[in-house]
Amino acid sequence: MGVSGCGKSTLVAHLARHWACPAFEGDDFHAPASIAKMRAGRPLDDADRWPWLDRLGAAIGAAVTDNGVAVAACSALKRSYRERLEAAAGVPLLFVLLDGERAEIAERLGARTGHYMPPNLLDSQFATLERPTDDEPALALHCYQPLTELRAAVLAWARDMATAAQR
Ligand SMILES: Nc1ncnc2c1ncn2[C@@H]1O[C@H](COP(=O)(O)OP(=O)(O)O)[C@@H](O)[C@H]1O
Ligand SMILES: O=C(O)[C@H](O)[C@@H](O)[C@H](O)[C@H](O)COP(=O)(O)O
């Protein structure tokens with residue numbers, strides 16, 4: 001989870017390779033009208049996001065039921081979005097926040113090609129972001145770290161969470 005350009009899709013691809021598990025890209029679950037809205041430089045609102053989270057959550061839940069584990073790249077900016085995603089999935093979810101400074105993420109977004117999300121929506125993404133609190137099953141990492149370090153941190157944390165859940 002995290003704002004546009006923080007590195008969600010890149011990390012998800014690495015984790016899916018490691019776990020040999022299904023991977024979902026949140027972008028693929030938006031309604032065409034939502035993509036058009038973002039492309040036009042207008043941020044989504046809650047009404048746009050609820051059905052999107054329901055579709056993505058259902059896909060995650062089905063994949064976890066079939067496979068035991070799945071990973072997904074989803075902004076999940078607000079706590080209520082994370083709760084909606086988990087309710088739709090029907091299985092416990094773990095969240096990894098990729099956090100960073102606006103300037104650095106803006107630079108990354110500026111360099112990214114072939115994506116509909118305009119960099120000028122970054123301000124609204126940061127304004128909407130509710131960082132997970134201690135009572136959420138979430139790990140916060142700095143998105144500037146090399147991918148190998150991000151992946152190692154997620155794998156170690158996920159192992160600990162799985163062990164704790166079995167106790
Ligand atoms: N850990 C990282 N270090 C440096 N660049 C990264 C890292 N993760 C992603 N990037 C680059 O940042 C840009 C945004 O990454 P992406 O995975 O598309 O973000 P998101 O899915 O959160 O929008 C891409 O150009 C990607 O190659
Ligand atoms: O809730 C939202 O406003 C959108 O889902 C947004 O957060 C998401 O980030 C876009 O789909 C852009 O995609 P990237 O995050 O891959 O840039």
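Numbers below:
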| read-out | value |
| --- | --- |
| Set ARG82, ARG102: member being of a type in the set (D, E, K, R) and in contact with a strand residue (DSSP E or B) (Cβ under 8 Å, 6 or more places away or on another chain) | ARG82 |
| Unmet requirement for ASP27, which otherwise passes all of (1) modelled with pLDDT of 95 or more; (2) out of contact with any Ser or Thr (no Cβ under 9 Å at 6 or more places or on another chain); (3) of a type in the set (Asp, Glu) | (2) |
| Condition met for ARG79 (surrounded by 13 or more Cβ atoms within 10 Å (Cβ to Cβ) and touching a Gly at 6+ places or on another chain (Cβ under 6 Å)) | no |
| Complete set of residues in the stretch 58-103 that are within 25 Å of LEU122 (Cβ to Cβ) and free of Cβ contacts under 8 Å to residues at least 40 places away in the same chain | SER80, TYR81, GLU83, ARG84, LEU85, GLU101, ARG102, ALA103 |
| Residues of the stretch 18-36 satisfying the condition of being buried (at least 18 other Cβ atoms within 10 Å of the Cβ) and either charged (D, E, K, R) or without any contact (Cβ under 8 Å) to a residue 12 or more places away in the chain (or both) | ASP27 |
| Pairs with Cβ under 9 Å, 6+ apart, first in the stretch 116-132 and within 16 Å of LYS78 (Cβ to Cβ), second among the polar types (S, T, N, Q) | LEU121/SER4; GLN125/SER4; GLN125/SER75; THR128/SER75; LEU129/SER75; GLU130/SER80 |
| Single unsatisfied condition, LEU121 versus (1) among the aliphatic types (A, V, I, L, M); (2) surrounded by 13 or more Cβ atoms within 10 Å (Cβ to Cβ); (3) assigned to a helix (DSSP H, G or I); (4) at pLDDT 95 or above | (4) |
| One residue from VAL12, VAL64 being closer than 20 Å to ALA158 by Cα and away from ligand 2 (no atom under 13 Å from the Cβ) | VAL64 |
| Residues located in the stretch 89-118, provided they are more than 30 Å from ASN67 (Cβ to Cβ), small (Gly, Ala, Ser) and part of a loop (DSSP other than H, G, I, E, B) | GLY100 |
| Pair list, Cβ under 8 Å, 6 or more apart: the stretch 151-167 residue under 24 Å from GLY7 (Cα atoms) and touching a residue at least 60 places away in the same chain (Cβ under 8 Å), other residue of a type outside the set (S, T, N, Q) and in a helix (DSSP H, G or I) | ARG151/LEU11; ARG151/HIS14; ARG151/LEU15; ARG151/HIS18; VAL154/LEU11; VAL154/LEU15; LEU155/LEU15; LEU155/HIS18 |
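Listed here are the residues, each with its yes/no results for (1) buried (at least 20 other Cβ atoms within 10 Å of the Cβ); (2) away from ligand 1 (no atom under 14 Å from the Cβ); (3) more than 16 Å from the chain's Cα centre (by Cα); (4) not in a helix (DSSP H, G or I).
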{"site": "VAL3", "(1), (2), (3), (4)": "yes, no, no, yes"}
{"site": "ALA13", "(1), (2), (3), (4)": "no, no, no, no"}
{"site": "ALA16", "(1), (2), (3), (4)": "no, no, no, no"}
{"site": "PRO43", "(1), (2), (3), (4)": "no, yes, yes, yes"}
{"site": "VAL64", "(1), (2), (3), (4)": "no, yes, yes, no"}
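The values are calculated or read from the model by the stated rules, or taken from the named source; none is laboratory data. Everything numeric in this text was worked out from a predicted model, so none of it was measured. Note that we place each Cβ from the backbone using ideal geometry, even for glycine, and neighbour counts take in every protein chain shown.
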